[in-house]
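The values are calculated or read from the model by the stated rules, or taken from the named source; none is laboratory data. Small disclaimer: the values here were computed from a predicted structure and weren't measured. Positions of Cβ are generated from backbone atoms using ideal geometry, with glycine treated the same way; all protein chains shown enter the neighbour counts. For accessibility, only protein heavy atoms count, side chains too; no ligands or nucleic acids. Shrake-Rupley method; radii C 1.70, N 1.55, O 1.52, S 1.80 Å.
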Amino acid sequence: MKHTRLVLIAVLTMMFSWSVRADEGMWLPSLISQRIADMQEKGFKLEAEDIYSINQASLKDAVVLFGRGCTGELISPEGLLLTNHHCGYAQIQKHSSVEHDYLKDGFWAMNRSEELPNPGLSVSFLERMEDVTDKVLEGYEPGMTEDQRVWIVRENSNALISEATKEGKGLRATVEALYYGNQYFLFVYRQYEDVRLVGAPPSSIGKFGGDTDNWMWPRHTGDFSMFRIYADKDNNPAPYSKDNVPYKPKKYFHISTGGVREGDFTFIYGFPGRTQEYVHSEAVRYIEETGDPQKIHLRTLRLNIMNKYQAESQKVRIQYSSKNANVANAWKKWQGEVKGIRKMNTVRNKQDFESAFKRWASGGEFDGVVEKIEDIYKRLEPYSYAVDYLNETVTATELPKFATEIAGCYMIGLDNLVGFDQEKAAGLIDAFYKDYHLPIDKEVFIAMMNEYEKNMPEDFKPQYYKDKYAEFGSIEAWAEHIYSNSIFTDEQKVRELDAEDMQIVLGDPATEFLSAFGLWYSTEILPVTRKLNQELQLAYRDYMRGQMVYCRTQRIPKDFYPDANLTLRVAYGHVKGYSPADGTYYLPSSTITGIMEKDNPEVFDYNIPQRLRDIYAEKDYGRWTDENGNIPVCFIATNHTTGGNSGSPVINADGNLIGVNFDRVWEGTMSDIVFDPDICRNISLDIRYVLFIIDKVADADHLLEEMTLVD
Ligand code: ARG
Ligand code: ASP
């Protein structure tokens, strides 16, 4: 009796330590039964089958991969979809012109016929996922070479993919390696291609705070936009047609207007893009000491140039707004990431773990694995540096990139006659010159290539570069040559190009610049990095498995989840404030009061629409207020998210929608590498703010009528 008692206590303590463990992790939906007890203990009231099921409609059927790297969710029985403003940004911009500036003024379709098609945009539902490790590795014998293994994996995967997509419209499938190829999963999706823009608030709401507030808390951004999925008469995927009808989802989210309080359970269902939680300390050291700081430095120079010209001209400000936002987004994230890695002593902690692992592994199956990884990183590092540098300098210039794209419009037929894809070229030309300002590009070229000259080791400079540098004597003189002589600086001449002009295009100094670097990269760099990365992959496969065995046998409490790879995942946690620094504590939610505090007609990022000021003055809030009679705007929680989770549904204990995920707090952006439950927070839009904007600012009540609201 006493004995069983002791065992019971031991089990309970284990469960207890389990339940207080960090909210870290991005879990596979089909294996969620392994986590459901923990989720329920933290407050979730539904079952694993409600999250993922292949037998009945489940929440997974209301979540989509939106475009190439965002998440969206279904919120009505008529295919209405919610995602972020920054996820729909490109579509909103494409429909915008000086007469209809939907970025500036917002857009609301007042009926179905006003919804705007978006060729090229698609959404994918996950039909099912399946562990196919045995099938993928069929025919593989230990002792085979890595090349043979790669070949076998590819052949078996292709067979599985064709089998899975044989029947049914719009099916596509992928086989993904998890845990560095220790496990393989088949993912079968149904992809819809007729996705129309339904609504977006003006950027002064949807992008409120701009890059100043990006990655920051407290936040007041109304980062949402709405689309509708269309299908053929049988509810199947079909290309755009005016005969298509709104898609009828198997499942859509009911929306809770009951609000969010500190401590509430939250669950994020979406498509996180990339994390690297199990990497060796050397990989983190490189990011912390070299990779991130170099990239930050180069982007600071680039952003300073853009900002200077953007401040001088309204036209240039608009032209470079999206480019600037893209450059600034990662630039700011990397800074937070480096700080976070340092603060958490990640390199040191990983080194300690590796030392202990090595001692444990000595003489066993995993002996030498860590050393092997160290050795590969040593050989890889100069190449990683060269690639990082190339990406942030040479390919950061605009004219050369455009020139090679135009060069790509030439096609040589079997008869050796040259063709020119006029239509493709026309599209590229329109897009390029609309948003091009030569003085910025030239100054960026000079700044970036001077850094390149200074910081790239001689044996990593292509002969082409050395010759040009010798010929012109300085980067400035070389830039002068390119930007005065390239035909691509003259829009009119470029518009007149045809099949006869291939030699002009190929011999152009801008084309030559990028293609010379490209050739050097593919002959001198890529073969080496490809080989080293393959070695690394193999070593990591062992190290990953080794880490699991080590932690299990040494009773080190650690729950393993596969790194993010843009497949559907569940993250769960709770609403919680945080203390980013000594003496500072942040509350977990923000309200419209904060918008008014930031409001400033003089500052572009904080200049809200007059409509919102009027509503605030009259407190005309409708039914969307919190318990203090205020309009809630954003909240933070401990869910583990990353890029790609933007637009993800934030779900409460009852399985209802309470928010839309869109960002993380700056101090916690190291969560792609190491997660700190005290600091890492995802930022979501409170669904009541979305409803408030639709109701009071957009006057689009017809959309509210489609939704199912619950208290
Ligand atoms: N930081 C968020 C993410 O990584 C939002 C980015 C878009 N907003 C912006 N101001 N650039 O995607
Ligand atoms: N803002 C990111 C996205 O667009 C989300 C994140 O990195 O937390 O996916």
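Summed over the range 193-213, residues that are open to solvent by less than 20 Å² (accessible area, probe 1.4 Å) and not in a strand (DSSP E or B) total 8. Exactly one residue out of N349, N391 is open to solvent by 50 Å² or more (accessible area, probe 1.4 Å) and under 21 Å from T529 (Cα atoms): that is N391. If you scan the range 634-654, which residues turn out to be away from ligand 1 (no atom under 16 Å from the Cβ) and either acidic (D, E) or in contact with a helix residue (DSSP H, G or I) (Cβ under 6 Å, 6 or more places away or on another chain) (or both)? Matches in the range 634-654: D654 only.
Residues are listed down the side, and each one gets a yes or a no for (1) in contact with a Pro (Cβ under 7 Å, 6 or more places away or on another chain); (2) within 16 Å of ligand 2 (Cβ to nearest atom):
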residue	(1), (2)
D614	no, no
R623	no, no
N628	no, no
F635	yes, yes
V650	no, yes
I694	no, no
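W666 falls short on exactly one of the conditions (1) within 18 Å of V260 (Cβ to Cβ); (2) within 15 Å of ligand 2 (Cβ to nearest atom), and that condition is (1). Look at S281 and say whether it is in contact with a helix residue (DSSP H, G or I) (Cβ under 6 Å, 6 or more places away or on another chain) and at negative phi. When the stated conditions are applied, S281 passes them. The residue that is farthest from I268 (Cα to Cα), among those in the range 568-583 that are assigned to a loop (DSSP other than H, G, I, E, B), touching a strand residue (DSSP E or B) at 6+ places or on another chain (Cβ under 9 Å) and open to solvent by 50 Å² or more (accessible area, probe 1.4 Å), is S579.
Of everything listed in (1) within 20 Å of D695 (Cβ to Cβ); (2) within 16 Å of ligand 2 (Cβ to nearest atom), the single unmet condition for E115 is (2). Condition check for R274 on (1) assigned to a helix (DSSP H, G or I); (2) within 16 Å of ligand 1 (Cβ to nearest atom): one failure, at (1).
So which residues in the range 198-238 are of a type in the set (K, R), within 16 Å of ligand 2 (Cβ to nearest atom) and in contact with a strand residue (DSSP E or B) (Cβ under 9 Å, 6 or more places away or on another chain), if there are any at all? Give the steps one after another, and end with the answer.
The initial filter retains those residues of the range 198-238 that are of a type in the set (K, R), namely 207, 219, 228, 233.
Then drop every residue that is not within 16 Å of ligand 2 (Cβ to nearest atom), which leaves 207, 219.
Result: R219, single match.
Quickly run through the range 628-675 and pick out the residues that are in contact with a Cys (Cβ under 8 Å, 6 or more places away or on another chain), open to solvent by less than 10 Å² (accessible area, probe 1.4 Å) and among the polar types (S, T, N, Q). Within the range 628-675, T638, S671 meet the criteria. In the list N235, N304, which residue meets the criterion of being of a type outside the set (G, A, S) and at positive phi? Being of a type outside the set (G, A, S) and at positive phi holds for just one of N235, N304, which is N235.
Summed over the range 185-228, residues that are more than 14 Å from ligand 1 (Cβ to nearest atom) and in contact with a Pro (Cβ under 7 Å, 6 or more places away or on another chain) total 8. Only a single item in (1) within 16 Å of ligand 2 (Cβ to nearest atom); (2) open to solvent by 30 Å² or more (accessible area, probe 1.4 Å) is not met by A325, and it is number (2).
Listed here are the strands (runs of 3 or more DSSP E) enclosed by the range 102-192 that have at least 1 residues being within 24 Å of W27 (Cβ to Cβ) and either small (G, A, S) or free of Cβ contacts under 8 Å to residues at least 12 places away in the same chain (or both): 123-131, 171-178.
So which of Y89, Y102, Y52 is buried (at least 16 other Cβ atoms within 10 Å of the Cβ), at pLDDT below 95 and away from ligand 2 (no atom under 16 Å from the Cβ)? Steps first, answer last, please.
Numbers: Y89 fails: away from ligand 2 (no atom under 16 Å from the Cβ); Y52 fails: at pLDDT below 95.
Residue meeting the stated conditions: Y102.
Within the range 692-711, being in contact (Cβ under 8 Å) with a residue 24 or more places away in the chain and within 15 Å of R228 (Cα to Cα) holds for A700, H702, L703, E706, M707.
Within the range 259-307, the set of residues being within 20 Å of T642 (Cβ to Cβ) and aromatic (F, W, Y) comprises F267, Y269, F271, Y278, Y286.
Collect the residues in the range 394-431 that are open to solvent by less than 30 Å² (accessible area, probe 1.4 Å) and under 30 Å from K454 (Cα atoms), keeping them in residue-number order. Once the filter is applied, which keeps residues that are open to solvent by less than 30 Å² (accessible area, probe 1.4 Å) and under 30 Å from K454 (Cα atoms), the range 394-431 yields V394, A396, T397, L399, P400, F402, A403.
Per-residue answers, yes or no, for (1) within 13 Å of ligand 1 (Cβ to nearest atom); (2) closer than 22 Å to E374 by Cα:
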site	(1), (2)
V316	no, no
A328	yes, no
K332	yes, no
T346	no, yes
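Whether any residue in the range 52-66 is within 16 Å of ligand 1 (Cβ to nearest atom) and of a type in the set (A, V, I, L, M) is what I want to check. Checking the range 52-66: at least one residue is within 16 Å of ligand 1 (Cβ to nearest atom) and of a type in the set (A, V, I, L, M). For the range 255-281, a tally of residues being among the aromatic types (F, W, Y) and buried (at least 22 other Cβ atoms within 10 Å of the Cβ) returns 3.
Kindly indicate whether R623 is surrounded by fewer than 22 Cβ atoms within 10 Å (Cβ to Cβ), away from ligand 1 (no atom under 16 Å from the Cβ), in contact (Cβ under 8 Å) with a residue 40 or more places away in the chain and more than 23 Å from V347 (Cα to Cα). Break it down into steps so the answer makes sense when it comes.
On the way: surrounded by fewer than 22 Cβ atoms within 10 Å (Cβ to Cβ): yes; away from ligand 1 (no atom under 16 Å from the Cβ): yes; in contact (Cβ under 8 Å) with a residue 40 or more places away in the chain: yes; more than 23 Å from V347 (Cα to Cα): yes.
Here the answer is yes, as R623 does meet what is asked.
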